[in-house]
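Heads up, the thing below is written out as structure tokens.
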Amino acid sequence: MYTHETRVRVRYAETDQMGQMYYGRYAELFEVGRVEALRSIGFPYKRIEENGLLLPVRDLSIRYHRPVRYDDEVTVRTSITSMPAARIHFRYELRDASDALLTEGETTLVFVDSRTKRPCAAPLDLVAALGPYFD
């Protein structure tokens, strides 16, 4: 399993009238974690797209434990839980400064050929980059 951590600070515009992060913004934090996790192993989304691939989200689930509030610094812990094939699965944890679990989530994305719009295999160089984490 590969795990990467990214820190973000919750901005005022991301919160609701109660000062808590609006529920729709959690998926955006997951995206930040996912993009940075892939970048950290040499696969920024730009590279993936330049190679003719798209990564639409197939599934998203979120479980809220504690609210995330305005100006909180949150650690987005992103894990790639298995070797990608035609799909890649991510697990997320949002944690506060004391490492308390705030939110859990998961997404599954599908590798899609940008020309045909059909599912395809994960790039071999991505699979190779992740190999050491799954041996």
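The set of residues from the range 69-89 being at pLDDT 95 or above, touching a helix residue (DSSP H, G or I) at 6+ places or on another chain (Cβ under 8 Å) and not in a strand (DSSP E or B) comprises 83, 84. The condition (being surrounded by 16 or more Cβ atoms within 10 Å (Cβ to Cβ), in contact (Cβ under 8 Å) with a residue 60 or more places away in the chain, aliphatic (A, V, I, L, M) and under 13 Å from residue 63 (Cα atoms)) is satisfied by just one residue among 130, 94, 102: 94.
Restricting 86, 37 to those that are touching a residue at least 12 places away in the same chain (Cβ under 8 Å) and either at positive phi or within 13 Å of the chain's Cα centre (by Cα) (or both) reduces the list to 37. The residues in the range 90-122 that are in contact with a Phe, Trp or Tyr (Cβ under 9 Å, 6 or more places away or on another chain) and either modelled with pLDDT under 95 or not in a loop (DSSP other than H, G, I, E, B) (or both) can be counted, and the count is 12.
For residue 43, the requirement of being in a loop (DSSP other than H, G, I, E, B), surrounded by 18 or more Cβ atoms within 10 Å (Cβ to Cβ) and either modelled with pLDDT under 95 or among the aromatic types (Phe, Trp, Tyr) (or both) is met.
The values are calculated or read from the model by the stated rules, or taken from the named source; none is laboratory data. Note that the coordinates shown come from a computational prediction; the quantities given were computed from them, not determined experimentally. In this analysis, Cβ positions are derived from the backbone assuming ideal geometry, glycine residues included, and neighbour counts consider all displayed protein chains.
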